[in-house]
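All of the numbers you see were taken from the coordinates with simple rules; none came from a lab. Everything numeric here is computed off the predicted structure, so don't read it as measured data. Counting neighbours? That spans all protein chains shown, and the Cβs are built from the backbone with ideal geometry, glycine included.
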Amino acid sequence: MPASAFALPPEFAVGALSAFAVGLGKGGLAMMGTFGVPIFALAISPIRAAAILLPVFVFSDVFAIWLYRREFSVRNLAILVPAAIVGIATGWLFAARISDAGVGILVGVLGLGFCLNAWRVRHRKPVPHGADVPRGLMWGSMLGFASFVSHAGAPPFQIYVLPQRLPRAVYAGTSAFTFAAVNAIKLVPYGALGQLSAPNLRLSAWLLVPALVGTQVGRYAVKVLPEKVYYAFLQVALGAISVDLILKGVLG
């Protein structure tokens with residue numbers, strides 16, 4: 001067998017950084033996974049980046065579920081996952097008509113609005129918000145829709161779950177189980193649309209190791225970060241990603 005068969009693809013370095021970010025997200029630093037596609041898109045097309053990273057997301061989900069197998073909110077899962085399925089189905093139905101830029105701008109504006117509101121009330125004592133069904137169905141549907149078209153489901157998840165002020169591990173576990181279900185379901189429409197080609201899957205396989213390393217690093221960070229720092233980090237990350245989504249949507 002020629003040595004070239006074992007050669008790393010030229011885009012591996014950027015892809016490895018993207019996969020590491022995905023792993024960080026699955027390990028508990030939820031928003032970090034959203035950086036995966038934007039980073040990888042520096043080297044390849046955004047559509048191909050999303051297709052290659054989907055199996056990496058699914059692979060990382062397995063380890064994230066194992067890490068948080070005893071720490072998650074059943075009520076949130078019961079609300080978010082069915083709603084996300086509706087959003088995925090909607091994205092699949094209108095796949096040929098959806099503008100990634102438009103969805104990115106919408107999600108970015110909503111996420112940035114949440115961050116600005118959190119900054120406005122920063123001096124007030126936070127009041128936990130329950131996992132109510134109407135809001136959960138709305139944000140869960142948007143989660144599924146945004147995740148299908150651009151792997152950008154984290155901001156809607158954040159907007160719905162962060163006000164509940166869940167314990168850090170429960171928050172991370174709920175995120176892990178929610179997106180594990182969403183990403184597994186997305187394999188069906190992605191395959192039907194021809195995005196899981198053999199070349200893409202080969203590159204996905206190369207990226208599994210950096211994703212696994214990122215999962216372990218993310219799990220450690222969740223354990224050692226103080227709760228106030230943890231939530232502040234999530235809000236800053238949400239704001240940064242929201243601005244990035246808006247700029248990419250506006251500037252193309």
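The slack between LEU42 and LYS228, meaning 0.36 nm per residue of separation minus the straight C-alpha distance, is 63.7 nm. Here the calculated FRET efficiency for ALA13 and TRP66, from their Cβ-Cβ distance with R0 = 25 Å, stands at 0.35, rounded to the nearest 0.05.
Hey, in the GNM for the chain with a 10 angstrom Cα cutoff, which one of TRP66, TRP139, TRP206 fluctuates hardest? In the Gaussian network model the winner is TRP66.
Enumerate lysine pairs in the chain that are 8 or more residues apart or on different chains, then count those whose Cα atoms are under 23 Å apart.
Going through the chain pair by pair, I get 4.
Here the residues MET32, MET138, ranked from fewest to most Cβ neighbours within 10 Å of their Cβ, fall in the order MET138, MET32. In this simple spin-label approximation, ILE85 and ASP244 carry label points 7 Å from Cα along the Cα→Cβ vector, and these lie 3.1 nm apart. Positive end of the dipole of the chain (Cβ unit charges, origin at the Cα centre): among VAL224, ALA50, ILE79, the Cα lying farthest that way belongs to VAL224. Panel order for PHE179, PHE63, PHE12, by other beta carbons found within 10 Å of each beta carbon, from fewest to most: PHE12, PHE63, PHE179. The helix-based estimate of mean residue ellipticity at 222 nm for the chain, built from -39,500 (n - 2.57) per DSSP H run of four or more residues and divided by its residue count, is -24500 deg cm²/dmol to the nearest 500.
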